[in-house]
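One structure is given below, encoded as structure tokens.
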Amino acid sequence: MSNFFAEKRFTVTGGNGFFGKHLLRRLEARGARHVHVADLPDYDLTRIEDVRRMYDDGRPDVVLHLAAVVGGIGANRENPGKYFYDNLMMGVQLIHEAHLRRLEKFVALGTICAYPKFTPVPFKEDDLWNGYRKLERDGAAPAFPFGFGLSYTTFNFANLRLNEASLQRQGSLQCTLEVSNTGPVAGATVVQCYVAVPGSRVERAPKELKAFRRVELQPGETQTVTLTIPVKDLAYYDPDTGWTVEPGAYRLIVGQHSLDQQALQAEFAIQ
């Protein structure tokens with residue numbers, strides 16, 4: 001069987017950025033042998049001459065366009081026209097040139113500077129708590145909990161089991177439980193897995209959603225449901241060391257919403 005990634009030539013714009021570096025590693029893992037990275041200062045992709053030179057140098061079959069001109073709140077307020085123009089010109093010229101050269105595939109990723117609707121300046125890191133995690137941290141009761149949904153029937157969760165009680169940092173947590181429709185009509189519910197780190201050495205949310213699965217059941221039906229949480233997804237960001245998986249005790253909470261009083265719980269540890 002042919003290997004798509006080994007046979008094709010790839011050009012990645014913005015390959016030295018945060019997302020680009022991850023993408024390059026994934027391409028390498030998939031067997032890509034011909035990957036051309038197009039970034040500043042080698043290519044100013046707002047200039048058509050540099051766009052054409054990029055295509056000539058890389059001779060790609062596939063272009064993955066990640067490059068963008070971005071900034072924070074202040075920079076966006078001061079340069080709205082410039083940011084819009086630069087990103088527009090990069091995208092349009094790259095796509096048009098791809099069309100002229102009959103490129104096999106072009107993938108463009110959009111970018112956005114996203115903040116809450118009413119954003120104070122300066123924007124404090126504390127404000128990033130806005131949402132279900134902040135409400136729970138502050139002890140505020142929402143009208144409807146995060147993940148809450150109405151149904152014409154009722155459900156019961158039972159027999160929560162973990163694949164391991166102690167995990168390595170390269171491993172994954174698998175939880176299995178039985179979900180039953182205890183009502184008179186068919187319906188669907190969402191099994192939601194939250195993880196808490198009670199003894200964390202850094203400030204963390206009381207719990208965070210880490211996995212979920214929608215389950216459809218007929219009246220009286222029971223299904224065994226398994227969800228997987230990679231240990232790396234439990235990391236927090238340390239400015240000095242990057243993404244860090246904290247060793248210690250963790251709590252898994254499985255329910256139908258973030259404040260489900262009937263949620264199942266289980267303890268596990270990360271070495």
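The values are calculated or read from the model by the stated rules, or taken from the named source; none is laboratory data. Every value quoted in this text rests on a predicted model; they were computed, and no experiment measured them. Here the Cβ is made from the backbone with ideal geometry for all residues, glycine too, and neighbour counts use every protein chain on show.
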Report task. For region 93-107, indicate whether the set of residues that are in contact with a strand residue (DSSP E or B) (Cβ under 8 Å, 6 or more places away or on another chain) and of a type in the set (Lys, Arg) is non-empty. Result -> yes
Query raised in the report: What pairs come up if the first residue lies in region 78-98 and is farther than 19 Å from Asp39 by Cα and not assigned by TED's automatic domain parsing to the domain that holds Val51, the second is among the hydrophobic types (A, V, I, L, M, F, W, C) and buried (at least 16 other Cβ atoms within 10 Å of the Cβ), and their beta carbons are under 8 Å apart, counting only those six or more places apart or on different chains?
Result: none
Report summary line: Among the residues of region 21-44, the number that are part of a loop (DSSP other than H, G, I, E, B), closer than 15 Å to His65 by Cα and out of contact with any helix residue (DSSP H, G or I) (no Cβ under 7 Å at 6 or more places or on another chain) is 2
Requested in this report: Tell me, yes or no, whether region 56-73 has at least one residue that is surrounded by fewer than 16 Cβ atoms within 10 Å (Cβ to Cβ), in contact with a strand residue (DSSP E or B) (Cβ under 8 Å, 6 or more places away or on another chain), part of a loop (DSSP other than H, G, I, E, B) and touching a residue at least 12 places away in the same chain (Cβ under 8 Å).
Outcome: yes
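Residues in region 77-104 that are farther than 22 Å from Leu27 by Cβ and crowded, with 16+ Cβ neighbours inside 10 Å: how many?
5
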Query raised in the report: Taking region 239-271, which residues are assigned to a loop (DSSP other than H, G, I, E, B) and polar (S, T, N, Q)?
Result: Thr241, Gln256, Ser258, Gln261, Gln262, Gln271
Query raised in the report: Under the condition of being outside any loop (DSSP other than H, G, I, E, B) and in contact with a Phe, Trp or Tyr (Cβ under 9 Å, 6 or more places away or on another chain), which residue from region 176-187 is nearest to Ala269 (Cα to Cα)?
Result: Leu177
Requested in this report: Taking Leu209 as the residue in question, decide whether it is surrounded by 15 or more Cβ atoms within 10 Å (Cβ to Cβ), within 25 Å of the chain's Cα centre (by Cα) and not charged (D, E, K, R).
Outcome: yes
Report summary line: Within region 165-194, the residues that are among the aliphatic types (A, V, I, L, M) and over 14 Å from Arg214 (Cβ atoms) are Ala165, Leu167, Leu173, Leu177, Val185
Query raised in the report: Within region 56-69, is there a residue that is within 28 Å of the chain's Cα centre (by Cα), under 20 Å from Arg102 (Cα atoms) and among the charged types (D, E, K, R)?
Result: yes
Query - Breaking point among (1) out of contact with any strand residue (DSSP E or B) (no Cβ under 9 Å at 6 or more places or on another chain); (2) modelled with pLDDT of 90 or more; (3) not in a helix (DSSP H, G or I), for Gly15 - result: (1)
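Per-residue answers, yes or no, for (1) out of contact with any Gly (no Cβ under 9 Å at 6 or more places or on another chain); (2) buried (at least 17 other Cβ atoms within 10 Å of the Cβ):
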{"residue": "Gln174", "(1), (2)": "yes, no"}
{"residue": "Gln192", "(1), (2)": "no, yes"}
{"residue": "Val195", "(1), (2)": "yes, yes"}
{"residue": "Thr226", "(1), (2)": "yes, no"}
{"residue": "Val231", "(1), (2)": "no, yes"}
{"residue": "Trp243", "(1), (2)": "yes, no"}
{"residue": "Ser258", "(1), (2)": "no, yes"}
Report task. Could you grab me the full set of residues in region 18-33 that are touching a residue at least 12 places away in the same chain (Cβ under 8 Å) and surrounded by fewer than 17 Cβ atoms within 10 Å (Cβ to Cβ)? Result -> Phe19, Arg30, Gly31, Arg33
Query raised in the report: Has region 219-238 got any residue that is in contact with a Pro (Cβ under 9 Å, 6 or more places away or on another chain), in a strand (DSSP E or B) and either in contact (Cβ under 8 Å) with a residue 12 or more places away in the chain or not acidic (Asp, Glu) (or both)?
Result: no
Query raised in the report: Quick one: in region 139-172, which of the residues that are at positive phi and exposed (fewer than 14 other Cβ atoms within 10 Å of the Cβ) is modelled with the highest pLDDT?
Result: Asn159
